[in-house]
Amino acid sequence: MEEIAGGPASPPPARGDGPAVAARPAAVEAERVTKRYGETLALDGAHITIEPGATHALVGRNGAGKSTLVSILTGLQAPDDGEVRFAGVPAPRPADRDAWRERVACVYQKSTIIPELTVAENLYLNRHDRNRLRLIGWKSLWRKAAELLETWSVEVDVRRPAGELGVEQRQFVEIARALSFGARFVILDEPTAQLDGAAIARLFERMRAMRERGVTFLFISHHLQEIYEVCDTVTVYRDARHILTAPVAGLSQGDLVAAMTGEAARLRDHAVRVPVPERAPVVLDVRGLSHGEVYRDVDLRVRAGEIVGLAGLGGSGKIEVAETIVGLRAPQSGTLEVAGSRPRPGSVPDSLAAGVGFVPRDRHHQGLVPLMSIADNVTMTVPERLGTAGFVSVRRKDTLAREMIDNLAIKTPGPELPVAGLSGGNQQKVVMARALAGEPRLLVLITPTAGVDVRSKEFLLGKVEESAGNGTGVVIASDELDDLRLCDRVLVMFHGRVVAELPAGWHDHEMVAAMEGVDLDA
Amino acid sequence: MPETTAAHATTGRPPGSPAPDGMGRRHVALPLARLRDFALVPAIIVIAIVGQIVNPIFLQGDNLINILQTMSEISLLVLAQALVLIAGKMDLSLESTFGLAPGVAAWLTVAAGTGPGLGLLPGAWGVPVTIAAGALIGVVNALFIVRFGLNGFIVTLGMLIVLRGLLTGISGGQTFFNLPESMTYLGSTMWLGMPASIWVCLLLFAVGIVVMGFTRFGRALYAIGGNVDAARAAGIRTDRVLWIVLISASLLAAIGGLLLTGRLASVAAAQGDGAIFTVFAAAVIGGVSLNGGRGTVFGAFTGILLLYMIQNVLTLAGVPAQWIQALNGGIILTALAISRLTGGRSQE
């Protein structure tokens, strides 16, 4: 243990510069891997080969078998059949966690950081440096942790509690920790899902720097453009099988989507939206909304049937403004009118009563009660439609839920299934169903397609357009270009202020530049 | 589509504008975490000053030793509870162990005839039996909580009632007197001019501070309480650590009970009854989180010290004994509210 822990502080040995590249075994090889959970076949004779020093993308829709492959490659689960080799050597026994840790590291979507402990301690948890009395030497621990982070150019104060770190820093710390075990193969499971554009760019920069130093990556993402940017090879899984492995260069996005979905499909193909008539009633009227430095003097009017985007990077205040509109936060000053009435600031029930439906930022924290059924979750905001005097009619609830399951094409055997059992895309549909349950006048969506596969994303955005067509005003707070593309106009926020308004038909680079606060004309 | 990403990469971060969540920003690290340990020290000083004004006896050596001695027994429960809470569990049964462990020892060693004792064992067995009883209770708790995965709150609530009932059963509701000398030694002897129980208490707290702050085992407790999956992923044998902490907690409770038994030279059927509330209050006031992963042994010590100092001041101020309990509860609530406000974990 100690030797391993001590080793990585020194720069990792250079790899991948010999002439005999072809002779080297693949960094990771999985062959004929089959895994079954009860009735479901999670992986069906799937294979993957990752060359040393490559940045290899793994894509597939929810349920394609990506997560299962990750848990097999990290040794958390043993395959029912098939073989996994690291650098030509068969994988260690499942119980030998240390051996696994030396070969492969994984940064999961869910944090494996302990928020109460310092960064340094998280890095060296359970392998602290000890002095002669076998007591922990904090000074040397801090020094070693700082050295480790410096080796990988991660600038974080190691004595801060890890809970204070943002998602981005947390990920870098987790990557550094993974590398400190000696592993030079890192799996990144949707690392960009919670990052804004600038942070993603920094992550990619770092990945490239690490690749230079011989680190091999398996990169999992729902964002195809990220794969084009940072990966050199891509493997597509569909329905538990391997479909295709190809160099990224020379594979068109259309082909990639086709491989993922099993049909030729264009990513998005919008009919031009009919402009909203001037006479349409205003369903949201925000004037001079301010809250300290978080957001200032925000004016926003949304007409019935209009889709308005609220763009900006993390920390720009777009999410906070959206959360203020739905009553999750109270503004310090300014007024807010929803369909002619003024809900009490900071009151969600009042906002709901005024006709707001919303998809909160994070479905795991605010969107769903995981152990409650689909029916309970989708009808949570509309108790008055389920029965009188506070009683709930199970029959009425199930009927309503069934309608919404059909309406949003949620893949489930029935409304009584706990939402925890659904895939990410279907969970998000449940959240969307709930937002639509009250037949809202105003729909507020905060990062509505985060962590959702291409198909579900398209479906969810289609639903948004549909409800706008029925006369609902929509606000989408997101930095996801696909979400913003269907908006009639987009307000761009930067450091708490609205800095630009772009009508539909903007170019990607205009939008990104506006979000980054860069003036292209300058 | 690819042009999007190209824009990301080339524009990067505009110069001069800080990254919203960026790597570039280096925080000036205030060692807040460690300051929190000493959060109660100002309160303790204030109480000391108030106490001195109320009654000049307060700061005299005898009175201070009196405070330390009366809190020494229950403080071991606070220590035990702090360890369990930091590991993300809780143990309500500690207060019953506090009574039952020495109770069983007394039952087996006190000569039959005058009281409820059986006199099966010679007096020298008193201390070993107390320790063994404590360990056994810890094993039962751990068996239910760790091995069978039952909820710690319910298990130890059940154990609290069962153990309390056992003590009432073996004692017939009476008090054990005429204890063997081995059992009264620790609670009644003086070492270097201070009662031995104070030495024992201070020593165990010192050990607790070292273990929790400077050993992998102690840090494992924080890790488990903070995020058990992450702890397991870091190679910590979480089940084994929880076994050890639950058994240690019961052992500490047994030792605490032994100290009180020695001081009172008896074991009442109600020994420890209701103590768990004070124990929780002291731990929480001392900064130990009920959700696990947060708090220190030193903080827990200041928590119980503060409560007992206040109690002492009230007594010295001549507050009628009938009112002390109500005031005590009020003080606990006030202290909790203050520690919540100053703990930096208020709502955003």
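If you go through region A:218-248 and keep only what is farther than 18 Å from residue A:66 by Cα and away from chain B (no Cβ under 11 Å), you end up with A:232, A:247.
Put simply, of A:105, A:120, A:95 the only residue that is over 30 Å from residue A:450 (Cβ atoms), buried (at least 23 other Cβ atoms within 10 Å of the Cβ) and within 13 Å of chain B (Cβ to nearest Cβ) is A:120. When we screen A:186, A:156 for residues that are modelled with pLDDT of 85 or more and farther than 30 Å from residue B:210 by Cβ, the only hit is A:186. Within region A:185-203, the set of residues being outside any strand (DSSP E or B) and either of a type in the set (A, V, I, L, M, F, W, C) or more than 12 Å from chain B (Cβ to nearest Cβ) (or both) comprises A:190, A:191, A:193, A:195, A:198, A:199, A:200, A:201, A:203.
So is residue A:99 touching a Cys at 6+ places or on another chain (Cβ under 6 Å) and not aromatic (Phe, Trp, Tyr) or not? Taking the combined requirement at face value, the residue does not satisfy it. Annotation note: Cβ proximity below 7 Å between a residue of region B:81-94 that is at positive phi and a residue that is not polar (S, T, N, Q) (sequence gap 6+ or interchain) occurs for B:88/B:224; B:88/B:225; B:88/B:228; B:88/B:292; B:88/B:293.
Yes/no matrix, rows are residues, columns are (1) more than 14 Å from every other protein chain (Cβ to nearest Cβ); (2) within 23 Å of residue A:289 (Cα to Cα); (3) at pLDDT 85 or above; (4) not in a helix (DSSP H, G or I):
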residue: A:327; (1), (2), (3), (4): yes, yes, yes, yes
residue: A:330; (1), (2), (3), (4): no, yes, yes, yes
residue: A:335; (1), (2), (3), (4): yes, yes, yes, yes
residue: A:351; (1), (2), (3), (4): yes, yes, yes, no
residue: A:370; (1), (2), (3), (4): yes, no, no, yes
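What do you reckon, is residue B:170 among the aliphatic types (A, V, I, L, M) and farther than 30 Å from residue B:65 by Cα? So residue B:170 fits the description; yes. On the given criteria, is residue A:378 under 30 Å from residue A:300 (Cα atoms), crowded, with 21+ Cβ neighbours inside 10 Å and not assigned by TED's automatic domain parsing to the domain that holds residue A:324? In short, yes. Filtered by the rule that a residue be in contact with a Phe, Trp or Tyr (Cβ under 8 Å, 6 or more places away or on another chain) and at pLDDT below 90, region B:112-167 gives B:114, B:115, B:116, B:117, B:118.
Out of curiosity, is residue A:323 modelled with pLDDT of 90 or more, away from chain B (no Cβ under 13 Å) and surrounded by 17 or more Cβ atoms within 10 Å (Cβ to Cβ)? No.
Here the condition is being under 24 Å from residue A:45 (Cβ atoms) and more than 22 Å from the chain's Cα centre (by Cα); of A:241, A:211, it holds for A:241 alone. Hey, any hits in region B:101-110 for a residue that's part of a loop (DSSP other than H, G, I, E, B) and either at pLDDT below 95 or facing chain A (nearest Cβ under 10 Å) (or both)? For region B:101-110, residues part of a loop (DSSP other than H, G, I, E, B) and either at pLDDT below 95 or facing chain A (nearest Cβ under 10 Å) (or both): present.
Look through region B:190-203, keep the residues that are touching a residue at least 60 places away in the same chain (Cβ under 8 Å) and surrounded by 19 or more Cβ atoms within 10 Å (Cβ to Cβ), and return whichever of them is nearest to the chain's Cα centre (by Cα). Filtering first and then ranking leaves B:201. Flag set for residue A:225, criterion: under 22 Å from residue A:312 (Cβ atoms) and in contact with a helix residue (DSSP H, G or I) (Cβ under 9 Å, 6 or more places away or on another chain). Exactly one residue out of A:184, A:170 is touching a Pro at 6+ places or on another chain (Cβ under 7 Å), in the same structural domain as residue A:71 (by TED's automatic domain parsing) and among the basic types (Lys, Arg): that is A:184.
For region A:439-471, residues that are assigned to a loop (DSSP other than H, G, I, E, B), on the phi < 0 side of the Ramachandran plot and of a type outside the set (S, T, N, Q) total 6. Restricting attention to region A:497-518, the residues that are among the small types (Gly, Ala, Ser) and within 8 Å of another protein chain (Cβ to nearest Cβ) add up to 2.
None of A:211, A:206 is of a type in the set (Lys, Arg) and at the interface with chain B (Cβ under 10 Å from one of its Cβ atoms) except A:206. Tell me whether region A:163-184 contains one or more residues that are within 24 Å of residue A:513 (Cβ to Cβ), outside any loop (DSSP other than H, G, I, E, B) and within 10 Å of chain B (Cβ to nearest Cβ). Yes, that holds for at least one residue. Just name the residue that is farthest from residue A:119 (Cα to Cα) out of those in region A:155-164 that are buried (at least 18 other Cβ atoms within 10 Å of the Cβ) and either without any contact (Cβ under 8 Å) to a residue 24 or more places away in the chain or touching a Leu at 6+ places or on another chain (Cβ under 8 Å) (or both). By that ranking, first place goes to A:156.
The residues of region B:222-247 that are β-branched (Val, Ile, Thr) and more than 7 Å from chain A (Cβ to nearest Cβ), listed by number, are B:224, B:228, B:238, B:241, B:244, B:245, B:247.
A search for C-beta distances below 9 Å between a residue of region A:472-497 that is at positive phi and in a loop (DSSP other than H, G, I, E, B) and any residue that is among the acidic types (Asp, Glu) and buried (at least 19 other Cβ atoms within 10 Å of the Cβ), counting only pairs 6+ apart in sequence or on different chains, returns A:496/A:320.
One residue alone among A:315, A:309 is under 22 Å from the mean Cα position of the chain (by Cα), part of a strand (DSSP E or B) and within 23 Å of residue A:193 (Cα to Cα), and that residue is A:309. Residue A:454 - would you say it is crowded, with 23+ Cβ neighbours inside 10 Å and at pLDDT 85 or above? Judged against the criteria, residue A:454 is not a match.
The values are calculated or read from the model by the stated rules, or taken from the named source; none is laboratory data. Computed from a prediction, not measured in an experiment: that's the story for all the values here. With ideal geometry, Cβ positions are generated from the backbone for all residues, glycine too; neighbour counts draw on all protein chains shown.
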